Amino acid sequence: MSKLLIRNARLVNEGHIVETDVLIENGFISQIKSGLSDRTVNRIIDATGQYLLPGVIDDQVHFREPGLTHKATIKSEARAAVAGGVTSFMEMPNTVPNALTQDLLADKYAIAAQTSLANYSFFMGASNDNLDEVLRTDPKTVCGIKVFMGSSTGNMLVDNEQVLDSLFRQSPMLIATHCEDEATIRANTERYKAEYGDYATADLHPLIRNEEACLKSSSMAVELARRHNARLHILHISTADELVLFDNTIPLTEKRITAEVCVHHLWFDSRDYATLGNLIKCNPAIKAPHHKEALLAALLDDRLDIIATDHAPHTWEEKQQPYWQSPSGLPLVQHPLLLMLDFVTQGKLPIETVVRKMSHAPADCFQIDRRGYVREGYWADLVLVDMNQPSTVTKQNVLYQCGWSPLEGHTFGATVTHSIVSGKLVYENGQFLTDQPGERLLFTR
């Protein structure tokens with residue numbers, strides 16, 4: 001029997017901060033109360049002065065395996081995630097080959113079962129011609145269906161209106177969408193190629209992938225969801241314009257339409273292209289400063305439900321290409337919690353809200369079985385953070401296979417000291433203690 005006792009922690013959970021002890025037995029939280037004592041424990045962690053949080057659940061990552069393993073692998077990126085306090089992830093289907101069949105989806109689960117330190121789930125991909133395969137997806141064992149309603153990798157742009165209507169009408173589970181209007185982007189691309197040619201730079205990205213492209217596509221997704229009462233989750237909202245589409249008058253668990261914001265759309269803005277260029281080129285684009293302020297306000301008033309990363313690594317060499325050739329995406333999964341804890345220090349977000357948006361809300365939104373909260377009988381996915389121990393991002397401590405981060409040189413005010421995944425102490429003070437894989441996420445649908 002494996003037992004781990006955390007003592008004297010400042011537990012942040014369900015809107016409260018309390019000093020308490022937590023006992024973990026065989027993967028699960030068995031007791032939460034002060035003064036716990038158990039002589040049979042295998043390990044005691046004295047967490048005096050530290051915050052204990054439920055592990056972050058990142059509902060949108062790209063770990064690049066199979067087919068793009070020169071950029072990343074499930075093993076490498078899951079390690080980076082765990083070091084940053086992300087104990088569970090949901091990964092996207094635009095790997096190579098695209099996860100457009102049940103067999104290809106099963107292949108990804110098989111890889112993760114052997115190599116992922118974090119708990120895992122994988123989205124089933126939709127295309128214009130795989131509706132039958134999509135409808136075979138098991139809602140209890142797969143996080144959702146991913147639909148690219150805009151430019152994407154491979155055969156994953158779904159632009160057939162009849163297919164979209166059928167998918168929203170028939171899907172037995174959550175549909176997660178990337179919303180950018182393809183026609184708008186193509187027209188803007190032609191315009192700026194004609195104007196700038198080979199001299200285009202990354203600061204054009206938010207003009208090409210602009211507010212109009214986002215709002216037009218998001219509005220279409222919302223209209224389809226309302227027409228068919230589908231369960232819609234719109235990923236990486238990046239504009240103030242789109243916020244009119246979302247409701248904050250009902251609890252998250254009752255919403256049929258939910259929305260996510262990503263850390264880079266809260267942290268960076270268009271002024272950062274001058275120094276970071278292609279390193280922060282991503283889809284949808286990082287836009288003008290007023291957008292990130294509006295996104296933060298919408299997060300605080302519950303129009304936006306979840307904070308995620310859209311972690312999307314590329315090699316340094318790929319990113320150094322000219323603007324038109326440089327791929328979109330940036331690596332972020334090692335640092336989302338620390339980014340948001342900086343917001344806490346700056347007075348922009350209460351720490352209780354960070355926990356709600358990064359742990360509780362993903363669990364509720366996706367109906368994940370016994371995760372996302374610190375409760376007796378739940379899986380022990382836990383993170384300890386020291387708010388008085390600064391940490392600086394350097395090339396030497398970045399764990400992504402790509403070896404770089406747009407945050408290099410930034411000093412966070414806090415440090416993730418321990419990560420516990422499904423009851424196992426996996427990471428402690430910069431060291432990985434085990435290579436035993438995490439668990440497959442299950443869903444109560």
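The values are calculated or read from the model by the stated rules, or taken from the named source; none is laboratory data. Everything quoted here is computed from the prediction, not taken from an experiment. With ideal geometry, Cβ positions are generated from the backbone for all residues, glycine too; neighbour counts draw on all protein chains shown. In case anyone asks, the SASA skips ligands and DNA or RNA and just uses the protein heavy atoms, side chains included. Shrake-Rupley method; radii C 1.70, N 1.55, O 1.52, S 1.80 Å.
Annotations
- The residue list Arg79, Arg64, Arg136, Arg169 contains one member that is open to solvent by 10 Å² or more (accessible area, probe 1.4 Å), basic (Lys, Arg) and under 30 Å from Val18 (Cα atoms), which is Arg79.
- Selected residue (criterion: most open to solvent (accessible area, probe 1.4 Å)) from residues of region 401-414 that are in contact (Cβ under 8 Å) with a residue 60 or more places away in the chain and under 26 Å from Trp316 (Cβ atoms): Gln401
- Residue in region 28-51 that is of a type in the set (Phe, Trp, Tyr), farther than 30 Å from Met92 by Cα and modelled with pLDDT of 95 or more present: yes
- Number of residues in region 1-41 that are more than 23 Å from Asp386 (Cα to Cα) and assigned to a loop (DSSP other than H, G, I, E, B) equals 9.
- Checking Phe89, Phe63, Phe122 one by one, the residue that is in contact with a Cys (Cβ under 9 Å, 6 or more places away or on another chain) and not acidic (Asp, Glu) is Phe122 and no other.
- Test: residue in region 194-215 that is open to solvent by 70 Å² or more (accessible area, probe 1.4 Å) and either assigned to a strand (DSSP E or B) or among the basic types (Lys, Arg) (or both): no
- Only one entry in Leu232, Leu252, Leu224, Leu243 is under 17 Å from Leu295 (Cα atoms) and at pLDDT 95 or above, namely Leu243.
- Looking across Ile280, Ile257, one residue alone is over 15 Å from Met340 (Cα atoms), touching a Phe, Trp or Tyr at 6+ places or on another chain (Cβ under 8 Å) and open to solvent by less than 10 Å² (accessible area, probe 1.4 Å). It is Ile280.
- Qualifying residue in region 83-90 (condition: in contact with a Gly (Cβ under 8 Å, 6 or more places away or on another chain), in contact (Cβ under 8 Å) with a residue 12 or more places away in the chain, surrounded by 24 or more Cβ atoms within 10 Å (Cβ to Cβ) and on the phi > 0 side of the Ramachandran plot): yes
Each row is one residue, and each column tells you yes or no for (1) over 16 Å from His233 (Cα atoms); (2) at pLDDT below 95; (3) more than 17 Å from the chain's Cα centre (by Cα).
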position	(1), (2), (3)
Val86	yes, no, no
Met90	no, no, no
Thr95	yes, no, no
Pro139	no, no, yes
Ile145	no, no, no
Leu167	no, no, yes
Pro172	no, yes, yes
Ala183	yes, yes, yes
Thr189	yes, no, yes
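- Among residues of region 240-263 that are closer than 23 Å to Ile286 by Cα, none has a beta-carbon under 9 Å from a residue that is modelled with pLDDT under 95 and not β-branched (Val, Ile, Thr) at least six positions away or on a different chain.
- For region 226-236, the criterion of being open to solvent by less than 10 Å² (accessible area, probe 1.4 Å) and closer than 24 Å to Leu341 by Cα is met by at least one residue.
- When Arg231, Arg227, Arg186 are screened for being without any contact (Cβ under 8 Å) to a residue 12 or more places away in the chain and of a type in the set (Lys, Arg), only Arg186 passes.
- Test: Val222 is free of Cβ contacts under 8 Å to residues at least 40 places away in the same chain, within 28 Å of Ala298 (Cα to Cα) and assigned to a helix (DSSP H, G or I): yes
- Looking only at residues of region 263-276 that are open to solvent by less than 20 Å² (accessible area, probe 1.4 Å) and in a helix (DSSP H, G or I), we find that the one that is nearest to Val56 (Cα to Cα) is Val263.
- Taking the criterion of being in contact (Cβ under 8 Å) with a residue 60 or more places away in the chain and open to solvent by less than 30 Å² (accessible area, probe 1.4 Å), the residues of region 148-164 that qualify are Met149, Gly150, Met156, Leu164.
- Checked against the criterion of being hydroxyl-bearing (Ser, Thr, Tyr), within 30 Å of Phe148 (Cα to Cα) and open to solvent by 10 Å² or more (accessible area, probe 1.4 Å), the candidates Thr40, Thr95, Thr48, Thr73 yield just one match: Thr73.
- For region 329-353, the tally of residues that are buried (at least 19 other Cβ atoms within 10 Å of the Cβ) and either of a type in the set (Asp, Glu) or in contact with a His (Cβ under 8 Å, 6 or more places away or on another chain) (or both) stands at 5.
- Selection count, region 114-133, where residues are open to solvent by 10 Å² or more (accessible area, probe 1.4 Å), under 19 Å from Asn98 (Cα atoms) and within 20 Å of the chain's Cα centre (by Cα): 1
- Of all residues making up region 415-439, the number that are surrounded by fewer than 15 Cβ atoms within 10 Å (Cβ to Cβ) and of a type in the set (Ser, Thr, Tyr): 1
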